[in-house]
Amino acid sequence: MKTLSALCASAALATALASTSALAADITFDFDVAAPTGRIMVALFNSEANYGGEGQPVRYAMVDAAGASKQVRFEDLPDGDYAMRAFHDVDGDGKMKTNPFGMPIKPFAFSNNAAGNMGPASWERAKFAATGAVAQTISLK
């Protein structure tokens, strides 16, 4: 027969394991770039509202485009749906510049290599489910 302390320890272990599995997603993006200058700016979103501009990214990162590895990794995220936006800040000014018609003049991309139609890729096209490890190769155009 198990003692009360053994049962409590088992319950504590089960709770710890359950909370650990809720933060099990690791997302990795490898970027293909044309020019080895500047930085790649990456924003990761966990909701359609935030992705659409009404909120902040859940995580963000920068990677040197001249470096040997052009990879961004987001670790220990809750399982769920995510979408990513990125742009190649070729000149290093930290801004996504556009032409007079509002079209980006710096290379950009979305998760799933999703394409937009007269604007950014929609949440539906860019979103992906993250449970466990997810990896995508993204082409900045």
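Computed from the coordinates by the stated procedures, all read-outs in this text should not be read as laboratory data. Everything numeric here is computed off the predicted structure, so don't read it as measured data. Glycine also receives a Cβ, built like all others from the backbone with ideal geometry; neighbour counts cover every protein chain displayed.
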Tell me, what HN-Hα J-couplings in whole Hz come from the Karplus equation 6.51 cos²θ - 1.76 cosθ + 1.60 at θ = phi - 60° for each residue of the stretch 68-84, using x for Gly and Pro? 5, 10, 10, 10, 10, 10, 10, 10, 6, 9, x, 4, x, 8, 9, 8, 10
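In µm²/s, what is D for the stretch 23-139 at 10 °C and 1.306 mPa s, where D = kT/(6 pi eta Rh) by Stokes-Einstein and Rh is the Kirkwood radius from Cα pairs?
In µm²/s, the coefficient rounds to 110.
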Listed here are the pairs Lys95/Lys127; Lys70/Lys97; Lys95/Lys141; Lys97/Lys127; which of them are more than 20 Å apart at the Cα? Lys95/Lys127; Lys70/Lys97; Lys97/Lys127
Protection proxy (average C-beta count within 10 Å per residue), highest first, orders 33-43, 81-91, 54-64 as 81-91, 33-43, 54-64
